[in-house]
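Quick notes on the structure that follows.
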Amino acid sequence: MRTAPVPATHVDRAADQSTKATSGAPARATLIRTIICVSYFMVILDNSIVFTGLPQIQSAMGFSATGLSWITNPYVLVFGGLLLLGARAGDLFGHRRMFVYSLIVFSLASLLVGAAQTQWWLIAAGAFQGVGAAVLAPSALSLLTRSFAEGRARNRAMAAYSAVAGLGASLGLVVGGLVADLIAWRVGFFLNVPVGLVMIWLAVRHLSETERRPGGFDVASALLATLGSTALVLGIVVAADFGWSAPVTVGPLVAGLVLLGLFVAVERRAAQPIVPLRLFAAR
């Protein structure tokens, strides 16, 4: 992302504040790491839990074998499409503020997923959950790097953050399978609600706000990237049932290519592109 330059004095001041917030206060540093890592763990864990619950979801909701992919696709597509936009929101409005808002959205979406009664309800709630995750993930990482001074403290925080990613993905499969078999697939999503509420309360009380930067959103590019990817995936998924030459397959594939082509065209002219194309020219 290209952002407006920030005076070095401001950056230094923010770094000094972060250092003071963590140096000499190991308990506070541990609390900050816990808030950020548990919140991120919730996102990773949730994404893994849904895979082990697919057989129960298929039975309860009546999904076809092909349609099962759309239980996970909306979340992944929205998450990936809006990830850079979510990071930009943190730069503009403050990473703590966006972190708290994203926890609210993710917790509410988890409640809606767990309470889903129809296929479209489940799919829409999963996409809504992806919105929260797309803001939460970059905000969590930014808060982590800004809360700890460069060196040993930041290295420990980043190690914990990285470990959470691997642990959440692995543990999610085990926990999701046990919960789905012993209780119900919905329980894993309902558990996010109390955990999310606790993390929101702790974040408001103990996380410091980051400095805002001037600039604007590249909304058009984010929407084109998300819609283009969605159309391509839709074409690939329906091809399994109708074949590659069927209109219901060709239509989405062509639409996806057109939308992604427009995405590149918009990025070339955008004042603050969400994906600067010059990055791809750098060896």
(message) Can you pull out every residue in region 61-86 that is part of a helix (DSSP H, G or I), open to solvent by 20 Å² or more (accessible area, probe 1.4 Å) and touching a residue at least 60 places away in the same chain (Cβ under 8 Å)?
(response) Met61, Ser69, Trp70, Asn73, Leu77, Val78, Gly80, Leu82, Leu84, Leu85
(request) Identify the residue in region 208-229 that is among the polar types (S, T, N, Q), in a helix (DSSP H, G or I) and buried (at least 22 other Cβ atoms within 10 Å of the Cβ) and, among all such residues, is modelled with the highest pLDDT. (result) Ser221
(request) Would you be able to say whether some residue in region 234-243 is open to solvent by 40 Å² or more (accessible area, probe 1.4 Å) and acidic (Asp, Glu)? (result) yes
(request) Would you mind stating whether Phe93 is touching a residue at least 60 places away in the same chain (Cβ under 8 Å), surrounded by fewer than 17 Cβ atoms within 10 Å (Cβ to Cβ) and more than 16 Å from Leu45 (Cα to Cα)? (result) yes
(message) On the basis of being under 19 Å from the mean Cα position of the chain (by Cα), at pLDDT 80 or above and surrounded by fewer than 18 Cβ atoms within 10 Å (Cβ to Cβ), does Leu144 make the cut?
(response) no
(message) Need the failing condition index for Val50 against (1) under 23 Å from Ser162 (Cα atoms); (2) outside any helix (DSSP H, G or I), just the number.
(response) (2)
(request) Could you grab me the full set of residues in region 244-255 that are polar (S, T, N, Q) and open to solvent by less than 70 Å² (accessible area, probe 1.4 Å)? (result) Thr249
(message) Ser107 - would you say it is in a helix (DSSP H, G or I) and touching a residue at least 12 places away in the same chain (Cβ under 8 Å)?
(response) yes
(message) Looking at region 195-213 only, could you name the residues that are over 20 Å from Leu92 (Cβ atoms) and in contact (Cβ under 8 Å) with a residue 12 or more places away in the chain?
(response) Val195, Gly196, Leu197, Met199, Ile200, Leu202, His206
(request) Quick one: in region 260-283, of everything that is charged (D, E, K, R) and in a helix (DSSP H, G or I), which residue is least open to solvent (accessible area, probe 1.4 Å)? (result) Glu267
(message) Just the residues that are of a type in the set (A, V, I, L, M, F, W, C) and either open to solvent by 70 Å² or more (accessible area, probe 1.4 Å) or part of a loop (DSSP other than H, G, I, E, B) (or both), please, taken from region 196-207.
(response) Leu197, Val198, Trp201, Val204, Leu207
(request) Specify which of the listed residues (Val264, Val233, Val258, Val248) is at pLDDT below 80 and more than 30 Å from Val100 (Cα to Cα). (result) Val233
(message) I need the full set of residues from region 142-162 which are part of a helix (DSSP H, G or I), touching a residue at least 24 places away in the same chain (Cβ under 8 Å) and of a type in the set (A, V, I, L, M), in order please.
(response) Leu143, Leu144, Ala153, Ala157, Ala160
(request) May I ask you to list the residues in region 230-259 that are touching a residue at least 40 places away in the same chain (Cβ under 8 Å) and not in a helix (DSSP H, G or I)? (result) none
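The values are calculated or read from the model by the stated rules, or taken from the named source; none is laboratory data. Predicted model only: the values in this text are computed from it and were never measured. We place every Cβ from the backbone using ideal geometry, glycine too, and count neighbours over all the protein chains shown. Just the protein is used for accessible areas: all its heavy atoms, side chains included, with ligands, DNA and RNA removed. Shrake-Rupley method; radii C 1.70, N 1.55, O 1.52, S 1.80 Å.
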